Amino acid sequence: MNSIRIRFSLMLVGSVLCVVILASAVMSQMILGLVEKDFRDGLTSRVAAFSNSITFRGNDAVFHLQPAPIEGKLLEAPTKLLQEAFQKSQANFDIFVKQTPDGQRWASIKMGPGWLSWPIREHAPPPEVWWGLAGWMVLITVGVIGVALTVAHQTTNQLKLLQSMAMSVGKDGVLPVLKEEGSIEIKATAQALNMMGASLKKAMDSKIRLVAAAGHDLRTPMTRMRLRAEFLNEREREEWLHDLDEMDHIADSAIQLVREETVGKGTEHVRLDELVGDVCAELTLIKMRVTIAGLDHSSVKISPLALKRALRNLIINAATHGGGAIVSLRVHDRRAVVLIDDNGPGIPEQFLASAFEPFFRADPARRQSIPGAGLGLAIAKEIVERQGGTLEIENRQPQGLRQTLSIEIDIANVSSVAA
C-alpha cells in the first residue's frame with residue numbers, strides 16, 4: 001500500500017464502483033416502480049373499457065356476472081395495490097387477486113349483485129431484461145475500471161524515473177543523465193537530478209585531481225630528502241631511505257586507488273584461466289610462494305589489465321601475509337570463481353568487515369616488518385566490483401584466509417573456450 005500507483009488506482013476503482021452500483025440501484029428501483037404503475041394503470045383501464053360495453057335498460061343493466069369470486073389463494077399485496085388504485089380513481093369496487101391451483105392469477109371485482117373475474121398476467125420484467133441489466137453493469141464496470149487503471153498507469157508511470165535513476169547509479173556515484181520530458185513536475189525533477197549529477201561528477205573529478213596532484217607534489221620534497229640522506233651516516237641513511245620508500249609506496253597506492261574509481265567495466269573477451277595462470281607465473285619468478293591447485297577453462301568479459309592488477313594484489317596479499325598462496329579457478333552456476341587460500345593467521349572476526357577499507361592492517365605491529373600501504377585489498381575490491389564481480393574474504397579452518405573472487409562467465413564464448 002506504500003505505492004502511489006496502487007493507492008491511486010484503488011481510489012479510482014472504488015469511486016467508479018460506488019457510482020456504478022448507486023446508479024444501478026436507482027435504475028432498478030425506477031424499473032420496479034414503472035412495472036407496478038403499468039400493472040395498476042393497465043388493469044384500471046381495462047375495467048373502464050369493459051364497463052363501456054354494458055347495456056343499460058333504464059336503471060337496469062344486462063351484465064354477465066358470477067355469483068362469487070373465483071376460488072384460490074388470496075394475494076394480499078396485489079389486492080391492496082388494486083384497492084388503492086380504485087380508490088384513487090373513485091371507483092368503489094371490492095376486488096380480490098387470487099392465484100388458482102394451476103398457478104394463474106385472477107382478479108375478481110364485485111359489481112352489483114355478482115362478481116366479474118378475468119385472468120391477469122404477472123407484471124414483472126421478463127428474464128431477458130434482468131440479463132440485459134446484468135450485462136450492462138458488467139460492461140460498464142469493466143470499462144470504467146480499465147479506464148481508471150490506464151489513467152493511473154499513465155499518471156504514475158514517469159515516477160519510475162526515480163527508481164531507474166537510483167538503480168543505475170554507477171560505482172563512482174555519478175548519476176546518469178535523465179531525459180527531461182513529460183509533465184511539468186517530471187521535467188523539473190529531471191532537471192534537478194541532472195544538475196545534482198553534474199555537481200557530483202564535478203566533485204569526484206576534483207577529488208581525483210586533488211589526490212593526483214598531492215601525490216605528484218610529494219615526490220619533489222621526497223627527492224630532496226633522498227639527496228640529503230646521502231650525507232647521513234650509513235645507519236641513519238638506511239632508516240631514512242626505508243621510510244621514504246614506504247611513503248613513496250603509499251602515495252603511489254593512493255593515486256592508483258583513486259584512478260581505479262574512474263575505470264569502467266571492460267568489454268574484452270578474456271580467458272580467465274590463462275590470465276590467472278600468467279599472474280601466478282609472474283609472481284613465482286620473483287620468488288613468491290604461489291601454488292596452482294587447478295584452473296577450469298572459462299571466458300569472461302572484463303578489462304584484462306585492471307583484473308590482472310586485482311589478482312596480483314590478492315595473491316601477493318596471501319603469499320606475503322599467509323606464508324604462501326594456493327590458487328584455484330572453478331566454474332559454478334554460470335560464474336567463474338577464483339579461490340585464493342593461504343595458511344596464515346587469518347584476520348580476527350571482528351575485523352573482517354573492515355578488511356577492504358583503505359590502509360587497513362589487522363595487526364598494526366606488522367607495519368614495520370612487512371612493507372605495504374594497506375591498500376591492496378581496497379584496490380582489488382574496487383576493480384572487481386567495477387568489472388561486475390564480487391570479492392569476499394573469510395577465515396579458513398583451522399587456520400588461514402580465503403579470498404573469493406566471483407565474476408559472471410561469458411556465455412557467448414563458452415563453446416570456443418571448451419574447444
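Once amide H atoms are built 1.01 Å from N in the peptide plane, which residues 5 or more positions from LEU75, or in another chain, come under 5 Å H to H?
VAL97, LYS98, GLN99
What is the set of long-range amide H partners of LEU295 at a cut-off below 5 Å, with H atoms built 1.01 Å from backbone N?
LEU329
How far apart, in nanometres, would the label points at SER15 and GLU36 be if each is projected 7 angstrom from Cα along the Cα-to-Cβ direction?
Taking the two extended label points, one gets 3.5 nm.
Take peptides 301-309, 347-355 and line them up by average Cβ neighbours within 10 Å, highest first, as a rough protection proxy. Could the numbers behind the result be given before it?
On the way: 301-309: 19.8, 347-355: 12.6.
So the order, starting with the most tightly packed, is 301-309, 347-355.
Once phi is turned into ³J(HN,Hα) by the Karplus curve 6.51 cos²θ - 1.76 cosθ + 1.60 with θ = phi - 60°, what whole-Hz value does each residue of the range 384-392 show in order, with x for glycine and proline?
After applying 6.51 cos²θ - 1.76 cosθ + 1.60, I find 4, 5, 6, 8, x, x, 10, 9, 9 Hz.
Holding the Cα-Cα limit at 22 Å, pick out from LYS202/LYS308; LYS287/LYS308; LYS201/LYS308; LYS287/LYS381 the pairs that are longer than that.
Table pairs above 22 Å Cα-Cα are LYS202/LYS308; LYS201/LYS308; LYS287/LYS381.
Per residue of the range 349-354, what does 6.51 cos²θ - 1.76 cosθ + 1.60 with θ = phi - 60° give for ³J(HN,Hα)? Whole Hz please, x for Gly and Pro, Karplus curve as stated.
4, 5, 9, 4, 5, 9
If packing is taken as the mean number of other Cβ atoms within 10 Å per residue, what is the order of 219-227, 314-322, highest first?
314-322, 219-227
Readers should treat all values here as calculations from the given coordinates under stated rules, not as data from a laboratory. On a predicted model such as this, the values are computed, not experimentally measured, just so you know. Cβ atoms come from the backbone with ideal geometry, glycine included; neighbour counts cover every protein chain shown.
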